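Structure record follows, encoded as structure tokens.
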Amino acid sequence: MTDASTSTRRTALVTGASAGIGEAFAEHLAARGFDLVLTARRLEVLREVAEGIQRRHDVDCRVIPADLADPEAPRRIFYELARDEIEIDVLVNNAGHGLRETLLTQDWREVADFMEVMSVAWLHFMQLAMPSMIERGWGRVANIASLAAFAPESPGSLYSGIKAQMVSTSRGMRNLVRGSGVHVTAICPGYTHTEFHARLGIADLAQKMPKWMWQNRDEVVAEGWRACERNRPVVVTGAVNKILRSVLAVTPTRLVERQMLKSVADVRSRGRG
Ligand SMILES: NC(=O)c1ccc[n+]([C@@H]2O[C@H](COP(=O)([O-])OP(=O)(O)OC[C@H]3O[C@@H](n4cnc5c(N)ncnc54)[C@H](OP(=O)(O)O)[C@@H]3O)[C@@H](O)[C@H]2O)c1
């Protein structure tokens, strides 16, 4: 399959490309002829991902290991790219994780690192990448938010609020660059099969969630990229998630909160059973 964006050789930077949605996004873009810059912390895993992609697709694939909890990481990545005269045409802000505990009990260093990865690094990447996209008259920015952006916060969590900020800021950035040839889209998946829940230590709880609530990562990426190509500000992926978002929009927050608490308790008790 080809589209307008494959007619010249362009380069995509994908954060969190060593696993899950980021890895699938990298594969999807390589299949469309984009050269890749892949970043995440685990260098060996990144190398394996890059080698696999290069075997399957005729694209260049560079890996740059980086911990996005380090505030200097985005600048260092762009410094390395500028040194080698590589310009970024597609930015996929995907790297992310959850926190195991609540704000009151999680070690503060881990909270601060989490905020840097989830709330700051992706803004820095947009500031570093978008001016030259605008200058060249073409660019795509895909920010991986979440269906959680439209839901009340779980008790003591920071996740929904962060993803809501991502949706809101993505909309504002899209309006800022309207007409420039640069698209900005917030992609909002619901439950997606990746390493996310296992890393959070809740793989067993996640498995108890009904199957119809889950998507695979390729579905998320295909719909997300299509929306970005069409310059949609926000896309909630999958029919079930779209329905859930509509229900969330018309249901009083306190009712949703009550239902969330009940669902978590149900899943936990089934987990014990
Ligand atoms: N899975 C879901 O149900 C779901 C639903 C909605 C939204 N999302 C969002 O989708 C995005 C991708 O998550 P996923 O589900 O694909 O999870 P995943 O399989 O755990 O992948 C997360 C990626 O982020 C990278 N990463 C984590 N912390 C990092 C750090 N400090 N510095 C650099 N890279 C880091 C990881 O690589 P390294 O460990 O190698 O650094 C990995 O490549 C996240 O933003 C998440 O919030 C996921």
Scanning segment 50-79 residue by residue, those over 17 Å from the mean Cα position of the chain (by Cα), within 9 Å of the ligand (Cβ to nearest atom) and over 13 Å from LEU13 (Cα atoms) turn out to be ASP70, ALA73
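Determine whether GLY190 is on the phi < 0 side of the Ramachandran plot and within 13 Å of the chain's Cα centre (by Cα).
Working: on the phi < 0 side of the Ramachandran plot: yes; within 13 Å of the chain's Cα centre (by Cα): yes.
Here the answer is yes, as GLY190 does meet what is asked.
Those residues that are hydroxyl-bearing (Ser, Thr, Tyr) and within 9 Å of the ligand (Cβ to nearest atom), I need them from segment 153-199; list them, please. Full working, then the answer.
The initial filter retains those residues of segment 153-199 that are hydroxyl-bearing (Ser, Thr, Tyr), namely 154, 157, 159-160, 168-170, 180, 185, 191-192, 194.
Listed by number, the residues that qualify are TYR159, TYR191, THR192, THR194.
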Quick one: would you say ARG41 is among the charged types (D, E, K, R), at pLDDT 95 or above and more than 11 Å from the ligand (Cβ to nearest atom)?
no
Checklist entry - Out of all the residues in segment 179-194, is one or more among the hydroxyl-bearing types (Ser, Thr, Tyr), surrounded by fewer than 19 Cβ atoms within 10 Å (Cβ to Cβ) and modelled with pLDDT of 95 or more? => result yes
Residues of segment 130-166 being surrounded by 23 or more Cβ atoms within 10 Å (Cβ to Cβ) and within 20 Å of LEU38 (Cα to Cα), in sequence order, are MET133, GLY139, ARG140, VAL141, ALA142, ASN143, ILE144, ALA145
Looking across segment 16-38 at residues that are over 21 Å from GLU85 (Cβ atoms) and not hydrophobic (A, V, I, L, M, F, W, C), the single one that is farthest from the ligand (Cβ to nearest atom) is ARG32
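Quick check on segment 143-198: of everything there that is assigned to a helix (DSSP H, G or I) and polar (S, T, N, Q), which residue is farthest from GLU110 (Cα to Cα)?
ASN175
In the set ALA82, ALA69, ALA31, which member is surrounded by 17 or more Cβ atoms within 10 Å (Cβ to Cβ) and at pLDDT 95 or above? Explain how you work it out, then say what you get.
Numbers: ALA82 fails: surrounded by 17 or more Cβ atoms within 10 Å (Cβ to Cβ); ALA31 fails: surrounded by 17 or more Cβ atoms within 10 Å (Cβ to Cβ).
Among ALA82, ALA69, ALA31, only ALA69 is surrounded by 17 or more Cβ atoms within 10 Å (Cβ to Cβ) and at pLDDT 95 or above.
I'd like the full set of residues that are assigned to a loop (DSSP other than H, G, I, E, B) and within 9 Å of the ligand (Cβ to nearest atom), limited to segment 200-236.
Taking segment 200-236 and keeping what is assigned to a loop (DSSP other than H, G, I, E, B), we get 200-202, 208-210, 214, 230-233.
Passing the criteria: LEU200, TRP214.
Among the candidates ALA222, ALA249, ALA198, single out the residue that is free of Cβ contacts under 8 Å to residues at least 24 places away in the same chain and out of contact with any strand residue (DSSP E or B) (no Cβ under 8 Å at 6 or more places or on another chain). Outline the logic, then answer.
Working: ALA222 fails: free of Cβ contacts under 8 Å to residues at least 24 places away in the same chain; ALA249 fails: free of Cβ contacts under 8 Å to residues at least 24 places away in the same chain.
On inspection, the qualifying residue turns out to be ALA198.
Is it the case that segment 98-117 has a residue that's in contact with a strand residue (DSSP E or B) (Cβ under 7 Å, 6 or more places away or on another chain), modelled with pLDDT of 95 or more, part of a helix (DSSP H, G or I) and of a type outside the set (Val, Ile, Thr)? If you could, list the steps in order and put the result at the bottom.
Looking only at segment 98-117, we keep the residues that are in contact with a strand residue (DSSP E or B) (Cβ under 7 Å, 6 or more places away or on another chain), and these are none.
No, segment 98-117 has no match at all.
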The lone condition MET115 fails out of (1) surrounded by fewer than 20 Cβ atoms within 10 Å (Cβ to Cβ); (2) more than 14 Å from the ligand (Cβ to nearest atom) is (2)
Across (1) crowded, with 18+ Cβ neighbours inside 10 Å; (2) over 21 Å from VAL141 (Cβ atoms); (3) among the charged types (D, E, K, R), ASP89 clears everything bar (2)
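Just to be sure, is ALA12 part of a loop (DSSP other than H, G, I, E, B), in contact (Cβ under 8 Å) with a residue 40 or more places away in the chain and not acidic (Asp, Glu)?
Values: part of a loop (DSSP other than H, G, I, E, B): no; in contact (Cβ under 8 Å) with a residue 40 or more places away in the chain: yes; not acidic (Asp, Glu): yes.
Here the answer is no, as ALA12 does not meet what is asked.
The values are calculated or read from the model by the stated rules, or taken from the named source; none is laboratory data. The model shown is predicted, which means the values in this text are computed figures rather than measured ones. Counting neighbours? That spans all protein chains shown, and the Cβs are built from the backbone with ideal geometry, glycine included.
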